Each structure stands twice: as C-alpha cells, then as structure tokens.
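Novice: The structure that follows is given in the form of structure tokens.
The values are calculated or read from the model by the stated rules, or taken from the named source; none is laboratory data. None of the values given here were measured: they were computed from a predicted structure. Cβ: placed from backbone, ideal geometry, glycine included. Neighbour counts: every protein chain shown.
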C-alpha cells in the first residue's frame, strides 16, 4: 500500500526529516560536480494529484534551506547547487505548488513528444499540444519570465506508435521535428535554458521510443551532442552553449 504523501509532507513540515535533507545537501556537494542540478519532488502535479498544494509548498520551503545549508557545508570553491522545480507538462495546474522564488532556481517541465487518446496523433497534433496546451511549453517560458528564472527540460523523449483502441500515451516513433521543436523552444526563454535531459529509457509500459541505428534521429546526435545511450549531457552549442560540468539529480521527499 502506497504511503499517503500528505502524511509525509506533514512530517517534513514538523521537522522529522531535517537531518535527512541536511545530509542530502552534503552528499550532493561531496559527490556532485561543479554545478549540480537537483530536481526535487518532480511531477508533483501529475494526475491524479494526491498531495495538497499547501502542504507541498510548506514542506518544500522547509526542506530546500536545509539542503542548501548542507551543500554549503561540504562544497568546494565555486561549486554551485541549482534547485529545479519540475512540473509534469500540462494540466492539472502546477501554479498552486510553486513555493516561491526564494526556493527555486530553475523552472522545469517533463515534456514528451506525445498526445493521450485512443488513436495515434499527427505531427501537428503533437507539436500543437507541447507548445500551446494549458501549462505546456509556452506557459513554461512565460511563467519563468514572470519569475525571472531560467528554464530546463527535466525529461523529454519520443514515444512509440501503438495499437489503436485503448487510451494511452501515443507518439510517432522517429520524430525529428519534435527534437527540433524542443531546441528551438529553448532559445525563446528570456532568462536562458540551463539544460535539456533526453530520457532514452523504456518504462514498464514500453512508452519511450529508443534511438536506433537505422532511425533518422541518429543523424541528430552530432548536432545535439546526445550520448548514444541515455540522456543528453549538454545543449547544442549552436543554440545555447555546452553544459559539461553538471550533475543531473532527482530526489523524492
């Protein structure tokens, strides 16, 4: 049986996990590189939302100063910690979960090349969704601009074409235009884009579409500086510039 997230959030607010967060900060400094991107409690707005926004905000506001304090206690000169507030792109509305500018360094989202439904989408349907649906990419850059924050993509990836008939996440397999769309979007962020992190890993439902030797996407590896296996480590030099001294970390409560 899954633990009630609100119970855990209340424990955080009550200080029962203070030592854990302080220790986490120390470990991030000890084992991290010169810049550490720490994606805390990601996809908090994923449907169905079970945690209360008010509790989430208060728990975040207690945990982040402790993580930062621990990081400072163990960091070397010029080592930097960046806290990422990362939504599950789209509805439900993530804004009630925003803990405030003091507690966030980067506005992130997890934005896959897909739609949800019983039939497979067209290219235009995917591109329109990721840009224009509520709380998707256009919202993200606007929200980040309002709060004077850079953006990032915590997870992104192509999604497979699937047998039609059942409600499911659906993509177009080899879809380079989606790759271009993410990088073109990154250039529109007023305060910059820190990183994009390609999620080239199949989940339990076989959702993600892998880069393959025969796919057209392979031609984009050099262009986008993507590793052959796993995530991207840097943004294309032609777009934003390299990030080559960074750790991509994610932490639950």
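Novice: Quick test for you: out of 159, 196, pick the one residue that is farther than 29 Å from residue 99 by Cβ and at pLDDT below 90. Reasoning before the result, please.
Specialist: Details: 196 fails: farther than 29 Å from residue 99 by Cβ.
Matching residue, one of 159, 196: 159.
Novice: Moving on to the next point. If I go through the stretch 14-28 residue by residue, how many of them are outside any loop (DSSP other than H, G, I, E, B) and crowded, with 17+ Cβ neighbours inside 10 Å?
Specialist: Counting residues in the stretch 14-28 that are outside any loop (DSSP other than H, G, I, E, B) and crowded, with 17+ Cβ neighbours inside 10 Å gives 6.
Novice: Name the residues in the stretch 46-70 that are crowded, with 22+ Cβ neighbours inside 10 Å and either touching a residue at least 60 places away in the same chain (Cβ under 8 Å) or more than 21 Å from the chain's Cα centre (by Cα) (or both), would you?
Specialist: Of everything in the stretch 46-70, those that are crowded, with 22+ Cβ neighbours inside 10 Å and either touching a residue at least 60 places away in the same chain (Cβ under 8 Å) or more than 21 Å from the chain's Cα centre (by Cα) (or both) turn out to be 59, 63, 70.
Novice: Determine which single condition residue 224 fails, assuming it passes every other condition in (1) over 16 Å from the mean Cα position of the chain (by Cα); (2) surrounded by 14 or more Cβ atoms within 10 Å (Cβ to Cβ); (3) modelled with pLDDT of 50 or more.
Specialist: The number of the failed condition is (3).
Novice: A follow-up question, please. Considering only residues of the stretch 30-44 that are surrounded by fewer than 19 Cβ atoms within 10 Å (Cβ to Cβ) and more than 18 Å from the chain's Cα centre (by Cα), which is modelled with the lowest pLDDT?
Specialist: Only one residue fits best here, namely 33.
Novice: Where the second residue is surrounded by fewer than 17 Cβ atoms within 10 Å (Cβ to Cβ) and outside any helix (DSSP H, G or I) and the first is without any contact (Cβ under 8 Å) to a residue 60 or more places away in the chain and lies in the stretch 3-32, which pairs have Cβ atoms under 7 Å and are six or more apart or on separate chains?
Specialist: Here the result reads 6/52, each pair linking the stretch 3-32 to a residue that is surrounded by fewer than 17 Cβ atoms within 10 Å (Cβ to Cβ) and outside any helix (DSSP H, G or I).
Novice: Sticking with this structure for a sec: Can you tell me how many residues in the stretch 177-195 are closer than 26 Å to residue 116 by Cβ and loosely packed, with under 15 Cβ neighbours inside 10 Å?
Specialist: 4
Novice: Looking at this structure, is residue 116 at pLDDT below 95 and not in a loop (DSSP other than H, G, I, E, B)? Even if it seems obvious, please write down each step before you answer.
Specialist: Values: at pLDDT below 95: yes; not in a loop (DSSP other than H, G, I, E, B): yes.
Yes: the conditions hold for residue 116.
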